[in-house]
Amino acid sequence: MMKWIDTISYSNKLRDLPAIWKCGLAALLLLLAYLAHPLVQLAIFGWLMLWTVGYAKVPARLYMALLFSSCLLFILSLPALLIEYTSSSNSGSGADSLATEKAGWVLASWESISLYVPEASLGLAGHIFTRILACLACMFFITLTTPFPELLQVLKRLKMPQIVLELMIIMYRFIFLLLDTAEAMLIAQRARGGQHGFKGKLRDTAAIAVRLFVKTMHRYKGLSNGLIARGFTNELRLAPAVKRTVRLRHWAEAGLGLTILLAAELWLRYGGE
C-alpha cells in the first residue's frame, strides 16, 4: 500500500500544481470541515474526492481502501459511543418507560440494568462521521497528489526546524526498508515451504517479527555508511524546489468552491433567524 501511494503521488494529474498551493487549500478546507455543519462537511468530502479521483486520476479502489481502513477505528468505537446503560427498578415495564424517558431504543434488560441507544448519541455519531470524512478527504488530497519531498519543502518554508525534517526523511526511508525486508523474508519462508496452515502461519509470522528488526537495522547501517562515504556532513539537504504555476482554472474553481461552502455554512447557521 505504501509503495502504491508513493507511486501515485508522483504520477497523478495534479502533480504539476505547487505543493504550497495544495497544502494551503487543504488547510483552509480542514479548518472549515472541523467547524462546519454536517451538510457542508459532506460537500467538502465530495468536492475533494472529485479533485483527487476525478482530476488527479487517483484510482478509486485505492481511495476507497484508504477511506475504509481510516474509518475502521471509528467503526470499532461505535458501541462505546452509542450504547449507554442505566439502572431501573422494574425490568419489564421499565424498558418501555426508559425508551420514552430517554428518547432512544432499549437493546437489552437484565434485572435492574438496561442497555439503550439514545437518539442524541445517533446524532452525535453521525456528526462525527461526517467530520471524519471531510478531514480525511483533506488529508488524502495532500497525500495522494503531493510527493513527500515536496511536502518537506512546504514544511521548510513554514520554518520547520531542520532536525525535525531530517527525522522525517530518515523515518520515511526506514518505512520502505522495513517493508522490503519483511517482503524478502516472507518470500524466503514460502520458498522453504513455510506459511502453510493456521498454526504454521502464526509460527512463521512470529519468526519474521523476531528477525525483522535485526535485519532492518543491518540495512539501515548500510544506508548510514553509504551517506558517510558520499560526504555526509551531519545535515540532510533537500532537493531544490521546482517553481510551478497554478492555472487560472484551478484558482477560479478553488475560489468559487470556498465561497459557496462559506456561504452555505453561514446560511445554515444564521439563515433561520
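A few comments on the model shown:
- In a reduced charge model with +1 at each Lys and Arg Cβ and -1 at each Asp and Glu Cβ, the chain shows a dipole moment near 1860 debye about its Cα centre.
- Viscosity 1.567 mPa s, 4 °C: Kirkwood-radius Stokes-Einstein D of segment 124-248 over Cα pairs, µm²/s: 70 µm²/s
- Segment 116-273, accessible surface, carbon-and-sulfur percent (1.4 angstrom probe): 67 percent
- Helix 38-49 and the long axis of the chain differ in direction by around 30°, with both axes built from C-alpha atoms.
- Choice from LYS57, LYS199, LYS243 with maximal GNM fluctuation in the chain (Cα, 10 Å cutoff): LYS199
- Average accessible surface for segment 11-61: 45 Å² per residue, computed with a 1.4 Å probe over protein heavy atoms with every protein chain in place.
- Relative contact order of the chain, taken over Cα pairs closer than 8 Å and 6 or more residues apart, is 27 percent.
- In a reduced charge model with +1 at each Lys and Arg Cβ and -1 at each Asp and Glu Cβ, segment 163-261 shows a dipole moment near 300 debye about its Cα centre.
- Put simply, the convex hull of the Cα atoms in the chain casts, on average, a shadow of 22.8 nm².
- Entries in LYS22/LYS156; LYS3/LYS199; LYS199/LYS221; LYS159/LYS221; LYS22/LYS159 that, when Cα-Cα distance is taken, lie over 24 Å: LYS3/LYS199; LYS199/LYS221; LYS159/LYS221
The values are calculated or read from the model by the stated rules, or taken from the named source; none is laboratory data. Source: prediction; values computed, not measured. Note that each Cβ is placed from the backbone with ideal geometry, even for glycine, and that neighbours are counted across all protein chains shown. Areas reflect the complete protein model, heavy atoms only, side chains present, ligands, DNA and RNA absent. Shrake-Rupley method; radii C 1.70, N 1.55, O 1.52, S 1.80 Å.
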